[in-house]
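To start, the structure itself, in structure tokens.
Where a number appears in this text, it was derived from the coordinates with a stated rule and is not lab data. Because the structure is predicted, anything quoted here is derived from the model rather than measured. Cβ coordinates were reconstructed from backbone atoms using ideal geometry, including for glycine residues, and neighbour counts include every protein chain displayed.
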Amino acid sequence: MKKSFAFILAAIVLLTVSGCGNQKQTSEQKGDITSAQGGSDDSSKDSKSIDLKPQENDLWNNDKSRQLESFMKDWQATMHQEYQNYYPGKDVSYYGITYPSSLGSGNIAVNDHKVSMGWSNDGLGKHDFNVVAIYSDIDHAKMGAHLYFFAIASNKKPIVLITEQNQGTPDMLIHFNPTKNTDLEQGFEKIANSNVQ
């Protein structure tokens, strides 16, 4: 009798833990990290001893970089544009300014407000925007090149910033804005919010 009870109890715990893990993955894919511990009343009681919080290093990693690279190959084809990936050690020269080397120069604005930016391999950092990827079509655009910064904001939300600025401004800043391309925005959000390890 005791063996049967122990076996049934172990099976219930295993199913509960398994269900919580699946629920975590689904909620993170939707970007709702705080609801990962929700669910039915029964499963939430049992899951208190299990740490379901995403690790901070899950904000960005090499797997997500590869996913973004694959996504950009598909996306650029739909846009009839050709983008290159840039990172520390491989700068883009965008109308005379090199990125990511110049990220910390203090001359960047988002929505007309001066902000701090820096490169981040994991999405974490002390900046307003921690850039995890840079793509540009400047080497292939006939005119009107685009420069995209894929970043994790200080509130840990993914954001895609774009500039097409090709000359100086009176305030001496390079002006970026959030992209209006919903496919690009949603694609990056999905990758950044996924639980890839």
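Other residues with beta-carbon under 13 Å from the beta-carbon of residue 83 carry, at +1 per Lys or Arg and -1 per Asp or Glu, a net charge of -4.
Net charge near residue 179, counting Lys/Arg +1 and Asp/Glu -1 over other residues with Cβ under 13 Å of its Cβ? It would help to have the intermediate numbers written out before the result.
Working: positive: 180; negative: 164, 183, 185, 189.
Every neighbour counted, the sum reads -3.
With K and R counted +1 and D and E -1, the other residues having a Cβ less than 12 Å from that of residue 159 yield a net charge of -1.
What's the exposure ranking of 60, 75, going from fewest to most Cβ atoms within 10 Å? Let's see the in-between values first.
Values: 60 25, 75 18.
With the sparsest Cβ surroundings first, the list reads 75, 60.
The 3J(HN,Hα) values that the Karplus relation (6.51, -1.76, 1.60; θ = phi - 60°) gives for the stretch 176-188 are, in residue order, 10, 9, x, 4, 9, 7, 5, 4, 5, 4, 5, x, 5 Hz. Gly and Pro appear as x. Computed 3J(HN,Hα) for the stretch 109-123, one whole-Hz value per residue from the Karplus formula 6.51 cos²θ - 1.76 cosθ + 1.60 where θ = phi - 60°, is 10, 10, 6, 6, 10, 4, 9, 9, 9, x, 6, 9, 7, 10, x, glycine and proline marked x. Close amide H contacts of residue 94 (hydrogens built in the peptide plane, cut-off under 5 Å, sequence separation of 5 or more or a different chain): 99. Of the listed pairs 90/156; 64/190; 90/157, which have alpha-carbon separations greater than 20 Å here? Table pairs above 20 Å Cα-Cα are 90/156; 90/157.
What residues from the stretch 176-192 fall in the zone where the backbone N is under 16 Å from a label point 7 Å along the Cα-to-C-beta line of residue 113? Residues passing the 16 Å test: 176-179. The mean sequence separation of alpha-carbon pairs under 8 Å and at least six residues apart, normalised by the residue count of the stretch 67-197, gives a relative contact order of 21 percent. Overall, the anisotropy analysis places the stretch 50-150 in the oblate class: the square-rooted eigenvalues a ≥ b ≥ c of its C-alpha gyration tensor yield a/c not less than 1.5, with a/b not exceeding b/c.
Taking 0.36 nm per intervening residue step and subtracting the Cα-Cα distance, what contour gain separates residue 139 from residue 102 on full extension?
11.5 nm
Sorted fewest first by neighbouring Cβ atoms within 10 angstrom, 136, 102 come out as 102, 136. Within the stretch 134-190, the trypsin sites (Lys or Arg not before Pro) that combine a DSSP coil assignment with at most 12 other C-beta atoms in a 10 angstrom radius are 142, 180.
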